[in-house]
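The values are calculated or read from the model by the stated rules, or taken from the named source; none is laboratory data. Everything numeric here is computed off the predicted structure, so don't read it as measured data. Ideal geometry is used to build each Cβ from the backbone, glycine not excepted, and the neighbour counts take in all protein chains shown. Heavy atoms of the whole protein, side chains included, go into the accessibility calculation; ligands, DNA and RNA do not. Shrake-Rupley method; radii C 1.70, N 1.55, O 1.52, S 1.80 Å.
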Amino acid sequence: MRRRPELLAPAGDLAAGLAALHYGADAVYLGLKEFSARAEAVNFTPADLARFVSYAHSLVPRRAVYLALNTLVREAELGALAESLYGAAEAEVDALIVQDLGVAALARRFFPHIPLHASTQLAIHNLDGAKAARDLGFTRVTLARELGLAEVGRITAAAGVATEVFIHGALCFSYSGLCLCSSLRTGRSGNRGGCLYPCRLAWRQATGIDSGHFLSLKDLALGPLVGELSRLGVSSLKIEGRKKKPLYVAATVDYYRRLLDGTISPAEVAAAQDTLQSIFARPWTDFYLRDSRAKGVVEPGRVGHRGAPLGQVERVQRPPGGGWEIVFTPRLGLELHDGIQYPEPGEENWPGFAVEKIRPLTAGKGAGKCYAVPAGTRVAVSWPATATPPVTGLPLYLASSQAVKRAFPCPSPDLPVPRQPLDLALTFLPGEKAASCQVVARGSQKRRQLFRRENGTEPAEDNLTLELTSDCPAFPARERQGVETAVRVAMERLGNSPFRLAGWSFSNPAGLFVRPGELNSLRRELVGRLQVADLDKRLGDLRELRQLFQDAPETRAKRLEEGENWGLAVSEPGLLVDFTAGDWEGVTEVVVDIPRPAGLAAWSEALSELAAKIGREKLRLAFPLILRDYPTPDLPLGELLAQGWRRWLLPSLASWRCLRQATGQDGPETALDLAADWPLYVLNHWAARELERLGFSSITLSPEGEGKDFRNLLGTVGAREGLATWVVVEAAFPLFISAVCLHRELGLCPTGGRPGPEGCRAEVLPLSDAMGGEVQVYPTGCGSRVIARDDYSLVSRLAELSSWGGRYFRVDLRGRERTPGEALVLWRKARAGLAGLGGEANFSRGLT
């Protein structure tokens, strides 16, 4: 019998987490103040985390808590990361949700007892990606939201790792983890939890269509499909919403809990959906789960909360007291102080008002005022005096419901502080003087070693023991049997200390009695000393761990080649036909995208001509980033390997595993020469070391980096023998990589969303936003790639990059349509270090 999937709920704060547990979540995922992909949520303090995990584990059945450390981590933040991981181990979280390969490597090395879950930010969208995550030690993968049921089923059945699927909440226009827009345009990185949601902006296009939120997607809602996902064997069904309030979490969890348990009728499903939409909802979609070419997933008219459909204005009238009233028949119950919203032409933000007066209408006559009316009751409701006068037919939406708020009371977030187990042993011995006693108190705190040391010591018990001896006045006990009870009562009063009495032993061979006041003083001193010793131990652990995290890799003196090493990346080799012999001076590498099988012959001929000019040994082939159609034979991988190509630029874990599988190279030692492209994100030296461990001979620094990141990494990783560190100094990086075909959504697809053998024939679509930003939307089969009008450029920073140890500079000509002449001009300007080719994104930040 297949196991029912886990229902996984979000918690942006303690109150939301308690609401999730109260209404039936099997597990909760949450973040701390740092390293959370929802940095603008309230998030948890370390103390909150410890309290919440302790509470969740105390419930029957036990609930799980997963900590999201799912951002990219900078080199300068490794010390803070050490504290976060240590706190996670202290709190005994059930898993870590991770994006950064460096964070995964650190967790696996120092906290091997904590399971790792691959974040959606890793953009795992195929079987090879899931298997690669498994090979790296992840026990669960969060699959990309863009996948269909068949893909989810195939991955779940064959990956050998648990799968997690989002079932409800907001959708991003881009594949998660592959969006650079917010970072490169504003400095607020979605991969670091600071996304400003540029996909929700209003855009205008040059072909005459009015402006709209063309990149803003509807909300995911897979209620009707949870049964199918369960049958596929998906391990966890995940609700998005760490920025949502407890009421939203409560109602959403309640709805999906009842769906999974089969305890909800069709009528109750409809009522629950109305409830959810009244709390917060954009229009809903099942995205591409049923149909990979579904149309209508974009909601261009509005980005915010709409509410549940309530009715429409049937009549507008003037009441005796003046002003306006609207007459309508609400399809949902309505009461005073409920919120109503309505669309207003030309207004992006819908106006709304709180219901201040309700008059039920009977047979066309006005009845008296009332507090609430049931659904289907024709009513007159007063219209706000400051609003635009209403019109007949105006649609109304219930945007806030008092009844819904009462229906989901949430527990108080006042949780007890978890206490550490403490064993106490007390011995009364006769003193040297008459009427005295030597009291020996021994406290043993049951601690765990929280991380694996560099010597390989695994986390285990690491108890802290302290013994205290005190001379106290004593008297012969009148009732020897009652002494132990009295003594234990005195000693177990641990008050606000972080301890709870777990073990107790008492020895009193002489039958002595010591006053409780003496014992109280002894207990306070013992507990105080234990607390100090515990704190010293913790601080020592953290110092050691921070040092381990921050230590730069051992650098063997690397002889840097004379001058600079330059590289080029192109989508097809014919783009370089105008290059002369002088243009190839100093070029050590040329990257060329591999073609689809239909274009292999012409591509191979052009590549042979290029190889004849510069030498085959300088050529490196590049995998596509998105491999949704793999393992269908849509990549000529076998033919290329048979031709002897061994140098590859790989943008993902999926391409890494796919290539190694195709060549039978599964171990770390391989005849392949592998280079990591920017989507494998290197912002810290541990990520670089992990890629080196996986067999990569070169890496590409992330374009999201600030100047200080380049400086730090070029000074550590860049000085490492055998690991070339490339800096992209000119590129048209994708702001969004999307499975959504914007041309199809806007009715601009020349094939109606069903491309023929010749492929997509749609033209580049220019868009501009209200802030003056201009982008170009390129069709990619049945998806979209959005790039900025101007390139990303660091060519004016070459002197600084070189002074920090930079020796490998790449000009990436992919991503934008260019002619051979344009490519040559751009190349020559870049080699000359000419400024003004494009924007430098985040580079100047952090350099002062």
### Query
Hey, how many Å between the Cα centroid of segment 239-259 and the Cα centroid of segment 476-552?
43 Å
### Task
First measure r as the distance between the Cβ atoms of residue 504 and residue 548, then evaluate 1/(1 + (r/R0)^6) with R0 = 41 Å and state the FRET efficiency to the nearest 0.05.
0.60
### Query
Roughly speaking, what % of Cα-Cα pairs in segment 16-126 are separated by over 20 Å, rounded to a whole number?
37 percent
### Query
When you take every Cα atom in segment 783-847, what is the radius of gyration, and what is Dmax, the widest Cα pair distance, in Å?
13.1, 41
## Note on the structure
Non-local residues with an amide H under 5 Å from the amide H of residue 592, with H modelled 1.01 Å from N and Pro and chain starts lacking one, are 570, 620, 621, 622
### Query
Between segment 790-831 and segment 96-143, what's the alpha-carbon centroid distance in Å?
33 Å
### Task
Output the antiparallel fraction of DSSP beta bridges having both residues in the chain, as a percent to the nearest 5.
50 percent
### Query
Summing +1 for each Lys or Arg and -1 for each Asp or Glu, what net charge is found among the other residues whose Cβ lies under 12 Å from the Cβ of residue 471?
-1
### Task
Considering only protein heavy atoms, with the full assembly of protein chains and a 1.4 angstrom probe, order 491, 771 by accessible area, largest first.
771, 491
### Message
At 0.692 mPa s and 37 °C, plugging the Kirkwood radius over alpha-carbon pairs of segment 443-543 into Stokes-Einstein gives what diffusion coefficient in µm²/s?
### Response
208 µm²/s
#### Entry: Magnitude of the charge dipole, the chain, Cβ model with Lys/Arg +1 and Asp/Glu -1, debye to 20
2060 debye
### Query
So what does residue 524 come to for accessible area, using a 1.4 Å probe and Å² rounded to 10?
140 Å²
### Query
Quick one: length gained pulling residue 265 to residue 524 fully straight, 0.36 nm per residue minus the C-alpha distance?
87.4 nm
### Query
In µm²/s, what is D for segment 158-274 at 4 °C and 1.567 mPa s, where D = kT/(6 pi eta Rh) by Stokes-Einstein and Rh is the Kirkwood radius from Cα pairs?
77 µm²/s
### Query
From the backbone phi of segment 188-199, what are the Karplus-calculated ³J(HN,Hα) couplings (6.51 cos²θ - 1.76 cosθ + 1.60, θ = phi - 60°) in whole Hz, Gly and Pro given as x?
9, 8, x, 6, 10, x, x, 4, 9, 6, x, 5
### Query
Cα convex hull of segment 692-741: mean projected area in nm², to one decimal?
5.0 nm²
### Query
Which residue, chosen from 581, 395, 781, occupies the Cα position most advanced towards the positive end of the dipole of the chain, where the dipole is computed from +1 (Lys, Arg) and -1 (Asp, Glu) charges on Cβ about the Cα centre?
395
### Task
Quote the accessible area belonging to residue 264 in square angstrom, nearest 10, computed with a 1.4 Å probe and with ligands, DNA and RNA left uncounted.
30 Å²
### Task
Taking the Cα centre of segment 144-201 as origin, work out the dipole magnitude from +1 charges on Lys and Arg Cβ and -1 charges on Asp and Glu Cβ, in debye rounded to 20.
300 debye
### Query
Any idea which of 702, 718, 732 is furthest toward the positive side of the dipole for segment 680-732, if Lys and Arg beta-carbons carry +1 and Asp and Glu beta-carbons -1?
718
### Summary
Among 643, 519, 184, the residue whose Cα sits farthest towards the positive end of the charge dipole of the chain, when +1 is placed on the Cβ of each Lys and Arg and -1 on the Cβ of each Asp and Glu, is 519
### Task
Throw me the Rg/Rh for segment 601-717, computed over C-alpha atoms with Kirkwood Rh, two decimals.
1.00
### In Å, descending, principal axis extents of the Cα set of segment 1-55
41, 23, 15
### Message
Using only the alpha-carbon atoms, what does the chain span along each of its principal axes? Please give whole angstrom values in decreasing order.
### Response
106, 92, 57
### Task
Place a label point 7 angstrom from the Cα of residue 405 along the Cα-to-Cβ direction, then list the residues of segment 225-248 whose backbone nitrogen is under 12 Å away.
247
### Message
Once you place label points 7 Å from the Cα toward the Cβ at residue 693 and residue 774, how far apart are they in nm?
### Response
4.7 nm
### Task
Determine the dipole magnitude for segment 11-145: charges of +1 sit on the beta-carbon of Lys and Arg, -1 on that of Asp and Glu, nothing else is charged, the reference point is the Cα centre, and the result goes in debye to the nearest 20.
360 debye
## Note on the structure
For the chain, averaging the sequence separation of alpha carbon pairs under 8 Å that lie six or more residues apart and dividing by its residue count, the contact order in percent is 12 percent
### Summary
Taking the alpha-carbon centre of each part, the distance from segment 269-290 to segment 1-44 in Å is 20 Å
